[in-house]
Every structure is written in structure tokens, then in C-alpha cells.
Amino acid sequence: MSITQEMARFALNLQYDAIPETACKEARRFLLDSFGCALAAVNNEDMRAAHRYIEKLGGVPDATVIGSGLRTNAPNAALMNSLLIRAIDYNDIYWKQDPSHPSDIIPAALAAGEKAGRDVRDLIVGILIAYELEMRWCLAATPGVREVGWHHATLTQFVSPFVAARMLGLTEAQTVAAAGISGSSHFTLGGVVAGHLTNMKNTADPMATEAGVAAALLAAENYTGPVEVIEGKEGLYHVLHNVQWSTDILLRGLSSEWLINECGYKPFPTEALTHQPISAALQLREEHHLTDDLISNVLVKTTKRGADILSDPSKYKPTTKETADHSLPYCIAAALVDGHVLPSSFDEEKLKDPRIWSMLGKITVVADPGIDAMFPGVKRAIVSITTVAGQVYTAQVDNAKGSPENPMSDEEVIDKFTANAEGVMGAEQRARLIDATWALGSRPLPINEFMQLLVI
């Protein structure tokens, strides 16, 4: 039996009643968190551009776009909703080996489930399939695919077709075909998150999600794809030969061990490696009442990746939101100047703030071998601030808020959702959406009815 067949059986056989409530609850929490991220982005210019593109594509009205309520075909809706969730870089993060954002795949379950007339219990199942497979892919490669120059969307293409196939009610053979079609179509270069960043930074995974839905729809028409796209000749294992793959890790614990409980929430709308340094900088600012005019210089000790990818020369002169929210120096500067890092920290006007630009010149980021040796098991950052008076203050943070070791409470998840959604959605509608999401699975509710709560 191929690896693809084993994954297909997991996806097709998983039943809502067999999933522990702890995992179902986490699926609801991540869903609400994702909705907040999407709603916060609906009026962003890049999302307006993407929406115009989706409108021009047209398509049969099978699924709903968050915010506008536009009805379009399932792949289009999956792409647009995934773009919205991903746009401000505020959705979930999993990083034990390779990094990923499993919630990028939730729109595959929403769109395919809506097209197929599924219930919200099926939605929970689809979300669990996405998280369990995506997170295992992140663990299965040593070194991770990001370490050898590939983006994690390369893994997403091997997950989204299983989610869509389950929601569409495909057979095992059709599901295997869908995985083969998608898995041979969407490898993504790590260059989308290197140097000066563009809109593609947040588009790679949504396109892999779209590809999985399209592949499942093709397979539903009995279109075929390679059965051994993972382990076969010139398949994933063969082609990415500078990575050691573990099939045991990839398949172990499916239906019995629930990795979703080990996924994290983002406390800041920034690249995940910035969270510990930002937390340390904010801690020092608050404890010692440090305003930007009192700061002489800032030393940030982090991982090799943090010093290289997130602190290369382009990151000291960010001109786009995409570059700034992946710039460790900019994030630290914004935190020290404003006392917070919010989606508004990356507005066009804020990117020109002279106080932030002045602070950027005071920040040095270095790779610390000791920190690097512990990563990713421990995601440590050490920040030292020297004042103009010569005082030196230092803080160390190992686990930022939102990590499994320092989790967000239900109230904090709701607060984050509210802060993201309140600019576009009224209080009464927000309350209905929160209540409905928290109650998913407790009563029958078609996904298409549930999606109406997201139309503003």
C-alpha cells in the first residue's frame, strides 16, 4: 500500500464521533482565530486586488467568499479565503521541524464542504485532517524543506487534496488520484520569503490549497494522477534527496494522536521567529519605562535563520508590508517606539515613521550558536538594551504567548478575534459568529448557512 493510500484511508475513514473533544475544541479555536485574521484583511489593497481577480474569473456559485459574500466555484473560493486568512501573517504557526500554517488549508474544507452540502461536523473533520497531515509533514523531513531552499507550501500541496476529497465524498481511488495530481503540480521556492518580499509571501500556501481543491474536483471526474507521488520514482522523496524523510513519523498516530493540540497561535502579525524577540523587547520597555529617546542601542541574539533571513540588508530598509512583517529589526523598532506590534504597525504611513527608522539604526541582530543549538525545541531570544545613560537591561524569552508552552486562553482567542474583526463587523454579528463557532458540532448546521455569518 502506498503512503498516499494510507493517508487517503485516514482522511476518508475519520469520523467526528471518534475525535476527542480536546481536538475538536482546538479546531473551533483555530477556526475563530482564522476568521478574525481574514476579516482584518478584507479591506487591504492586496486583498481588494485579489478579490477583483476572483470576480473576473467568475465560476459557478458553489462557495462563499468571506467578507463580500461573493459566490464562486470551490477552487476560487478556497484561494480567496486562504489569501484572506494568510494576508496579515497573523494566523497559526507550527514549528517543530519545518514551519507551517495549517489554517491556510481550512478554506479547502469550507469551499469543498459548501459545494457538497456538508454539515459543520464534516467541517471539523476536514480541519482535523488538515492539521494532522500538515503537522506530520513538518516533522517528517530532516532537515526541514525550508532548510534546503523550499517553501512550506511544497508540503501543503500534499495535504489540501485529502481535505477536499473527504468533503466532496470521493472514493479511495479518486482521493489517491487527487493527491497525485496536486502533489505533482505545486513545488514552491523558498525565494518567496527571502530578501525583498512581495505579495507572493502570503500567496504560496493559498495557491497550494486551491490546487488541492482543483485536483479533487478533477479526480471526481475520474482524472488520474501518480499513485506513488511521494515515495515512487522521481516522487517527492526521490527529488528532494538532500532531505531524509521518515515515513514512520508521517503516518504514526493518525486517528489516535492529535497534533493539533501542539499547534500555536500568533501573538503578533509577524513572522514566527520574531515573536520571542518582540516579547523580550516589550518586557524591557515596560519594566524599565524605556521610551525610544532613552535607547542608545539594541542587541538581539537569535537563531542563525533570524539573523540571516529576517535581518538581511533589505530588512533594515523595508518598503512593503510583506518585507516589514518579516523584518526582525523593523518589528523590534516598532515594538520599542509604539509599545505594541499590531496589524496597523505595517500600514503604509507607519512604514515611513521617522521614529521607527531612527530606531532601526540602533538595532543589531546576531546569531547565537547556543540558541541555534536548542532550536526548534526551544525558541529562545535574548534582547539587551543600552540606554543613553549607559545602563544595560537584558531579557530572555523562550516561549512567546500563544505557543503550546504558553497558551492563549479562550478569552484571549476571543479578544484577538474581536480586535481583528471589530473594524469591519458589528458587535451583534461578531457575537453570533463567536457563539456559532464555539458550538460547532453540537447541532446540525449546513456549512453554507454557517458561512452567511461571515458576510458583512
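None of the figures in this text is laboratory data; all of them are computed from the coordinates on show. The structure presented is a predicted model; accordingly, all values stated were derived computationally and were not measured. Note that we place each Cβ from the backbone using ideal geometry, even for glycine, and neighbour counts take in every protein chain shown.
Brief remarks follow.
- Distance (nanometres) between label positions extended 7 Å along Cα→Cβ at S314 and R443: 5.1 nm
- Cα gyration tensor, region 272-397 - rounded (a/c under 1.5), prolate or oblate: oblate
- Of interest is the spacing of the C-alpha centroids, which for region 345-361 and region 220-258 amounts to 44 Å.
- Cα-Cα separations in the chain greater than 38 Å, expressed as whole percent: 21 percent
- Calculated FRET value between A427 and T364, using beta carbons and R₀ = 45 Å, to 0.05: 0.50
- Given charges at beta-carbon only (K, R positive; D, E negative), |dipole| of the chain in Debye: 440 debye
- Between A419 and S185, the modelled label-to-label distance comes to 3.9 nm, taking each label 7 Å out from Cα in the direction of the beta carbon.
- With all pairs of separate Cα atoms included, region 391-444 yields a Kirkwood hydrodynamic radius of 13.9 Å.
- Segment N406-K56, extension gain: residue separation times 0.36 nm, minus the distance between their alpha carbons: 121.6 nm
- Gain in span if fully extended, S256 to Q244, counting 0.36 nm per residue against the direct Cα distance: 1.8 nm
- Modelled FRET efficiency - R0 22 Å, V388 with K352, Cβ distances, 0.05 increments: 0.35
- Antiparallel bridge percentage (DSSP; both residues within region 272-397; nearest 5): 70 percent
- Cleavage-rule hits (GluC sites (Glu not before Pro)) in region 374-456: DSSP loop, at most 10 neighbouring Cβ within 10 angstrom: none
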